[in-house]
Structure formats: structure tokens, C-alpha cells
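A short write-up of the structure that comes next.
Taken together, the values in this text are just the output of simple stated rules run on the coordinates, not laboratory data. The structure presented is a predicted model; accordingly, all values stated were derived computationally and were not measured. No Cβ is skipped: glycine too gets one built from the backbone with ideal geometry, and neighbour counts run over all protein chains shown.
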Amino acid sequence: GQQVMQIPQYQHVQEGEDFTTYCNSSTTLSNIQWYKQRPGGHPVFLIQLVKSGEVKKQKRLTFQFGEAKKNSSLHITATQTTDVGTYFCAGGTSYGKLTFGQGTILTVHP
Amino acid sequence: DSGVTQTPKHLITATGQRVTLRCSPRSGDLSVYWYQQSLDQGLQFLIQYYNGEERAKGNILERFSAQQFPDLHSELNLSSLELGDSALYFCASSGTGQGPQHFGDGTRLSIL
């Protein structure tokens, strides 16, 4: 079945440093979605990428979808303590099923 | 507030028992998804329903079953519970098949 691998599993940064998490799928995806889960919370939708090579930005967050639609990345510039949480990528199929990566747990030290 | 309501928030029971988790999707959303989140397994997709019909199945155990009712709420039934079933169970809903999923706060199930 479809597998989505995400690295790194953990990332510790000093406030102000950049952060990147990478996602790779074993199969071509219809779309990729990114979610953030704060400690003790539920996953919250951040963004969806659909087109090959697509790049989207949300303030300090930059999301990319690979040309082959099998990989993606999330980059955060100048991390803040509010960025703490687990970031999940999720590979989507045409009918809506999402396969989540294992997530990257981001810790930001002030 | 995501608009997705899950009850109960916490459930403590014993091995061998059966429990029912309930989910009310966001108003207007036809798709409901169930996920299991445990410390070592991340978010595992269990099952998806769309407008009352099963649409996709993940790694759902035979001891688990789900359904979506005509009013679109959904229930996840877990039976013959084992210690390893202790986890956070999330329900999510979406409007179209491919759009963003909106998660409820989850039900934390503890098996003693």
C-alpha cells in the first residue's frame, strides 16, 4: 500500500533558526496536505498542494510539491516559540483518503 | 473550533470490553474519517465514510467497526478491547472528497 515517509522525526532549534521537514511518498500523489498538531491538540490543516512543482507561502512558512508529485517539504524561516508542535504531511488520493507521514516534532528553544 | 464534535473526550475501560465513540461532522460535510493516534504509530487511518457509504478502509482491525448514519454522524465501535488499543481516536470530516480535513478534539481511550 501507499507509504509516506517524513524526516526528521525530531528537530530542536533555537528561536530564530530555520526549520525544514521533508516528506516522500512511495506512489504518485493526487495532492499533499500539511497539518500542525500542537501538544495536547488535534491536527489542524495548514495547506494543500495539488500541482506538480507548486510552491505556496504562508508568512514564514514555505511549502513545496515536487515535480513528480511524490515529495514535498515545509520550510519555516526564523522560527518562533509559537511554531512548536508536530508537523504532518499527508498524501492524498483522488477520493480523499489521506496517508499521514510519521510527523516531525519541532521544539523551539527561546 | 473545528466544528467537529467527538464524544466522549475520555474513556477508561477494561480489557475485553466494548466501547462506542461518536462523531458529529462539520455542518455540510459528507465525508467522515476515523484515525488512531498512538505514541509509536503516528496517525493511522482506519476508515472513511461518504454520505453513509464506506469509501475507504485502512488498517482497521476486525474487532473494530464503524458506520455513518443518515444524519451524517458516525460511530466507531471497538470490541474485545486489548491493552494495545489504548490511544487517541480522532474523527475528521471534509466537504469534498479531496479537500482539507477538519479534526475533532479526539477521544482518549485507556484500557486497564
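Results, tabulated for the structure shown:
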| quantity | calculated |
| --- | --- |
| Mean projected area (nm²) of the alpha-carbon convex hull when the range B:1-87 is viewed from all directions | 5.8 |
| Fluctuation leader among B:ASP29, B:ASP85, B:ASP71 - chain B, Gaussian network, Cα springs under 10 angstrom | B:ASP71 |
| Net charge contributed by nearby residues that have their C-beta within less than 13 Å of A:PRO110 (K/R +1, D/E -1) | -3 |
| Of B:ASN59, B:ASN51, B:ASN77, the one that fluctuates the most in a GNM where chain B has Cα springs shorter than 10 Å | B:ASN59 |
| Rh by Kirkwood over Cα pairs, then Stokes-Einstein D for chain A at 0.692 mPa s and 37 °C, µm²/s | 238 |
| Cα-based radius of gyration of the protein assembly as shown once divided by 2.2 N^0.38 Å, which approximates compact folds | 1.01 |
| Chymotrypsin sites (Phe, Trp or Tyr not before Pro) lying in DSSP loop within the range A:37-110, provided at most 14 other Cβ fall within 10 Å | A:TYR95 |
| Net charge contributed by nearby residues that have their C-beta within less than 13 Å of B:SER79 (K/R +1, D/E -1) | -2 |
| Cross-link partners of A:LYS69 among lysines (Cα-Cα below 28 Å; sequence separation of 8 or more within a chain) | A:LYS36, A:LYS51, A:LYS56, A:LYS57, A:LYS59, A:LYS97, B:LYS57 |
| Most mobile of A:SER25, A:SER52, A:SER72 in a GNM of chain A (Cα contacts under 10 Å) | A:SER52 |
| Loop-located GluC sites (Glu not before Pro) in the range B:12-109 whose Cβ has at most 13 other Cβ within 10 Å (DSSP) | B:GLU62, B:GLU82 |
